[in-house]
1. By per-residue mean of other Cβ atoms within 10 Å, what is the highest-first order of 100-106, 150-156?
2. Between ASP288 and LEU239, what is the spin-label point distance in nm, taking each point 7 Å from the Cα along the Cα→C-beta axis?
3. What dipole magnitude, in Debye to the nearest 20, does the chain give about its Cα centre under +1 on Lys/Arg Cβ and -1 on Asp/Glu Cβ?
4. What distance in nm separates the two pseudo spin-label positions at THR71 and VAL89, each 7 Å out from Cα along the beta-carbon direction?
5. Just to confirm my numbers, what's the Cα centroid distance between segment 57-102 and segment 184-247 in Å?
6. Hey, what's the per residue convex hull volume over the C-alpha atoms of segment 255-303, in cubic angstrom?
7. If we sort 64-76, 304-316 on the protection proxy, mean other Cβ atoms within 10 Å, highest first, what's the order?
8. Let me know the shape class of segment 97-208, please: from the alpha-carbon gyration tensor, a ≥ b ≥ c as square roots of the eigenvalues, rounded when a/c is under 1.5, otherwise prolate if a/b is greater than b/c, or oblate.
Amino acid sequence: MNIAPQTIAPLNIAIVGAGIAGLGAALRLRDLGHQVTIFDRNTDAGGRCRSVHWQGGWRITGAFAFISSETNLIDQARALGIYDTLPRVELTETHEQTLLYKREKLIRQRSFSVTDILRNDAIPLKEKAALGLAFPRLFAQFKRNDPRDLTTAVALDDDLACDWFRKHSPAFVDYYLEPTMQMFCGYGPEDFSLGWLAWLMSGLEWSNGWWSFADRGVGMLTHRMELALSNDPGARLALATDVRQVTETPDGISIASECGGVLSQHRFDKVVMAVPGTMVPILMPGLDAPRRAFFDQVSYVGHHIMNMVVKPGDFPIPSKTLLPTADGFSIISNLVFNPRADGLWDVYAEMKGRFCADHAGASSAKILDLAWDEAIASNPKLATLDIIDRRLQRNDIAIARRPAGYIRALKAFTDLPPNPRIAFAGDYLLNSTVGQSHWTGLRAADQLHAG
Ligand SMILES: Cc1cc2nc3c(=O)[nH]c(=O)nc-3n(C[C@H](O)[C@H](O)[C@H](O)COP(=O)(O)OP(=O)(O)OC[C@H]3O[C@@H](n4cnc5c(N)ncnc54)[C@H](O)[C@@H]3O)c2cc1C
């Protein structure tokens, strides 16, 4: 995207939501010469791409790693002067997992590696052959895919991916597709269509390289974006500020917000709505009917994170493990142990969306107890470990669902004539990765700049 900086009077633009999409939009609008105000209800920016300090180290609250092929993030980090100066870590190997098969055997499981699918002896030979015959339909879609436009996969939007693959290979679904998607997204079988999956797998590039910053993890990027904006006289960061209503008026945009019990009203020329899609219709009661129809069917799965610090056991540190739902594991998607410099072990687990939804009202302590019970069920030796501390990162709004019909609804939405005053940004418009969410922020900024 090469758009000329502003040559006319700068506009006064609000950005609601300071996740990676909103921060990306804000920095882009500053580059284009506009004044920006960024609202977020949290006390720090970053949203689902944030890190918090706990038990002597930085912990992710959402995203674990950046995908190397998402070069807009690298460009962003370079523009901030941190890509070549701050130490980075290569996470491609770290991202490899093993699947616990039938509660007794570990099978190596790289994400969407054809070689690993062929080697996977949980999938019978006959089913591998059936998969081979099914794949051409997906390869045909690969050619149509535009990585910046999910709607290019609309032709395969009618089937749920798990239902479609199950016809060819039930074992592939139970011991590859579903556990992998639970790990990445907390997705169950009802949460993603064949169209989305075929679009995601396009070129397989997205899963081939992962990286992060050595210090602070992925949250380093949003932290530095926040710093850049807070040091910029043309930007105002309104953190700990809950936006209550966004209204289009004859001469611009009116935003009602609350901060520390004080209600305020602000006037802007334009707005980027960079909140999760489910928030948009709540904040914008005046949204037109076709857009409301789209937003009303946006939904998210939960994907909580459990962190624990434990004393090391009298057994080797366990491998990173995916726990398949087919073998009765309904809570934990993936369970990871890492040795610490002080000799203790860090434990990290992500949780399945269905479990998060079914326990939406449960206390954090209860969720942690249930998760640890399941971890012990997967590996009884874990019962002997002494727990020093534990925390739950609740992510009820974690990953936008892409069930059958979603891409068609998205296409109807993106085909609407743009509103020159309001642009939307966020993971639900493309894909729930940091890079794709960031890109929707850049696109929203360019849309408002172009008029
Ligand atoms: C557990 C987990 C693991 C993940 N792993 C990865 C990974 O490894 N790699 C990867 O690329 N992606 C990963 N993702 C996805 C990635 O984190 C998201 O796609 C991305 O961060 C979404 O950014 P966003 O800006 O669209 O939304 P958000 O980050 O949700 O930002 C929206 C912001 O809006 C604010 N907000 C909402 N309502 C209001 C209001 N009324 N007033 C003011 N502010 C408001 C919120 O506080 C939030 O800060 C993961 C996500 C989760 C949850």
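1. So the order, starting with the most tightly packed, is 150-156, 100-106.
2. 3.7
3. 260
4. About 2.7 nm, to one decimal.
5. About 12 Å separates the Cα centre of segment 57-102 from the one of segment 184-247.
6. Hull volume normalised by residue count: 111 Å³.
7. Going by the mean number of other Cβ atoms within 10 Å, highest first, we get 64-76, 304-316.
8. Here segment 97-208 falls in the prolate category.
The values are calculated or read from the model by the stated rules, or taken from the named source; none is laboratory data. None of the values given here were measured: they were computed from a predicted structure. Methodologically, a virtual Cβ is constructed for each residue, glycine included, from the backbone with ideal geometry; neighbour enumeration extends over all protein chains shown. Quick note on the areas: whole protein, heavy atoms, side chains included, nothing else; ligands and nucleic acids left out. Shrake-Rupley method; radii C 1.70, N 1.55, O 1.52, S 1.80 Å.
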